[in-house]
Amino acid sequence: MNNTFVFDVCSLIALLANENGANVVKDLLQKAANEEIKIIMHKVNVLEVYYYIYKKYDEQIALEIVQKSEPIKIVWIR
């Protein structure tokens, strides 16, 4: 069984906005932090999350949240 999950922008926004599925995302992030699974996310999606937070709050908060996404492996696929 493959234990790799791919997040898109909706995954993290659901978590940040406490929308449906937020608990699933939180659980997966915890499992990734414990190295039970892997989570990957495309760099463009990370930038979309950054922009969402930047618009809603401010640049400092956006930077902090993106920097704390440590369990997520950010990829750039050409």
Expressed per residue, the solvent accessible area of the chain in Å² (1.4 Å probe) is about 75
Note, GLU64: beta-carbon cut-off 14 Å, +1 each Lys/Arg, -1 each Asp/Glu, net -1
Per-residue ellipticity at 222 nm attributable to helices in the chain (runs of n ≥ 4 DSSP H, -39500 (n - 2.57) apiece, nearest 500 deg cm²/dmol) works out to -16500 deg cm²/dmol
By the mean-Cβ-within-10 Å protection proxy, highest first, 42-52, 20-30 rank as 42-52, 20-30
Taking placed amide H atoms and a strict 5 Å upper bound, the residues 5 or more places from ILE37 or on another chain that come that close are ALA32
The chain: relative contact order from alpha carbon pairs under 8 Å, six or more residues apart, as a whole percent, is 32
Taking Rh as the Kirkwood radius computed over alpha-carbon pairs of the chain and applying Stokes-Einstein at 10 °C with viscosity 1.306 mPa s, one gets a diffusion coefficient in µm² s⁻¹ of 124
Computed about the Cα centre, the charge dipole of the chain from +1 Lys/Arg and -1 Asp/Glu charges at the Cβ has a magnitude in debye, to the nearest 20, of 200
Simple SL model, points at 7 angstrom along Cα→Cβ for GLN30 and THR4; separation in nm is 2.5
Taking Lys and Arg as +1 and Asp and Glu as -1, residues besides CYS10 with C-beta under 10 Å from its C-beta add up to -3
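The values are calculated or read from the model by the stated rules, or taken from the named source; none is laboratory data. Predicted, not measured: the structure shown is a model, and the values here were computed from it. Quick reminder, even Gly has a Cβ in these numbers, built from the backbone with ideal geometry, and neighbours come from all protein chains shown. Surface areas here come from the heavy atoms of the whole protein model, side chains and all, with no ligands, DNA or RNA. Shrake-Rupley method; radii C 1.70, N 1.55, O 1.52, S 1.80 Å.
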